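The values are calculated or read from the model by the stated rules, or taken from the named source; none is laboratory data. Here the structure is a predicted model, which means the values were calculated and not measured. Using ideal geometry, Cβ is built from the backbone for each residue, glycine included, and neighbour counts are taken over all protein chains shown. Side chains included, ligands, DNA and RNA excluded: accessible areas come from the protein's heavy atoms. Shrake-Rupley method; radii C 1.70, N 1.55, O 1.52, S 1.80 Å.
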Amino acid sequence: MSWQATVLTLFPEMFPGPLGLSLAGRALEGGVWSCSAQDLRQHGLGRHRAVDDSPFGGGAGMVMRPDVVDAALAATQAGADVPRVFLTPRGRPLRQQDVQRYAQGPGLVLLCGRFEGVDERVLQSREIEQVSIGDYVLSGGETAALVLLDACIRLLPGVMGSEESGVEESFSAGLLEYPHYTRPAVWEGQDVPEVLLSGNHAAIAAWRQKQAEEITRERRPDLWSAWLARTEKNGAAATGKTGQTGQTGV
């Protein structure tokens, strides 16, 4: 069965959008994944199909109603094993490990908010994950949903041309990716690093690892700290295991 993306939105015409092109588009045509964009206004109330109302406690803007959102979620008939995700800047930061988890499952139900947000009660009652793609505010959740879907789709079996592409890239090992070079070997007076032309695979791997570490330490100290802690923990665990078997380390 294909990986099923269900998007609850006020603008269903935005999907699949750019995901209908390139690798994701070919995978969509080939049945690797499918996309169902469902209009939240189908579950709106009254003659005008209202989906929002004024916030209790006052304040600017409107809030999406819990009954409308709940009806839309129920209409998807998604199984309990399908994660339900609300794209919001107040959610936890999206990480590559989250993307991998989503891609390994049967699909996703994505709730795209508008206005000031969604009534908290339906988010809590229906155990909807709240996820952010970055510390900034968009006009709505649709663009964020496209970002999340793109990240997941490229990991589905058969979408990328090389299985190594999903392994040797930023965040997969907890580090940012090393620099890349191609022909010509000299461009505007700049040479490709000599080690990449050596044919020595061990030396190339060591150079790439060092570059990844240096770039991560410089650009993302948060990732660098987490990587150091994980490396030290794994090293300590390995040392402890070695000691238990009576083998010598160092």
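Consider the stretch 101-130 and keep the residues that are open to solvent by 60 Å² or more (accessible area, probe 1.4 Å) and under 30 Å from ALA173 (Cβ atoms). The one that is nearest to the chain's Cα centre (by Cα) is ARG101. Taking the stated definitions as given, is PHE11 among the aromatic types (Phe, Trp, Tyr), under 19 Å from LEU148 (Cβ atoms) and open to solvent by 60 Å² or more (accessible area, probe 1.4 Å)? Yes; evaluated as a whole, the condition is true for this residue.
Those residues that are at pLDDT below 95 and either part of a helix (DSSP H, G or I) or under 19 Å from PHE86 (Cα atoms) (or both), I need them from the stretch 1-36; list them, please. Within the stretch 1-36, none qualify. Within the stretch 133-152, residues that are closer than 11 Å to GLY113 by Cα sit with their Cβ atoms under 8 Å from residues that are assigned to a loop (DSSP other than H, G, I, E, B) and open to solvent by 70 Å² or more (accessible area, probe 1.4 Å), at 6+ positions apart or across chains, in these pairs: GLY140/PHE11; GLU142/PHE11; ALA144/LEU138. Restricting attention to the stretch 61-86 and to residues that are touching a residue at least 60 places away in the same chain (Cβ under 8 Å) and of a type in the set (Gly, Ala, Ser), the residue that is nearest to HIS43 (Cα to Cα) turns out to be ALA72. Regarding ALA75, is this residue aliphatic (A, V, I, L, M), at negative phi and in contact with a His (Cβ under 8 Å, 6 or more places away or on another chain)? Considered against the rule, which asks whether it is aliphatic (A, V, I, L, M), at negative phi and in contact with a His (Cβ under 8 Å, 6 or more places away or on another chain), ALA75 comes out as yes. Comparison of LEU196, LEU123, LEU156 shows that the only residue that is over 24 Å from LEU40 (Cβ atoms), touching a strand residue (DSSP E or B) at 6+ places or on another chain (Cβ under 7 Å) and at pLDDT 95 or above is LEU156. Each residue in the stretch 69-88 was checked for being open to solvent by 60 Å² or more (accessible area, probe 1.4 Å) and either in contact with a Ser or Thr (Cβ under 9 Å, 6 or more places away or on another chain) or modelled with pLDDT under 95 (or both), and 2 of them qualify.
Checked against the criterion of being part of a strand (DSSP E or B) and either free of Cβ contacts under 8 Å to residues at least 12 places away in the same chain or open to solvent by less than 30 Å² (accessible area, probe 1.4 Å) (or both), the candidates GLY58, GLY91 yield just one match: GLY91. Looking at the stretch 18-31, is at least one residue touching a Ser or Thr at 6+ places or on another chain (Cβ under 8 Å), in contact (Cβ under 8 Å) with a residue 40 or more places away in the chain and open to solvent by less than 40 Å² (accessible area, probe 1.4 Å)? No; the residues of the stretch 18-31 include none that is touching a Ser or Thr at 6+ places or on another chain (Cβ under 8 Å), in contact (Cβ under 8 Å) with a residue 40 or more places away in the chain and open to solvent by less than 40 Å² (accessible area, probe 1.4 Å).
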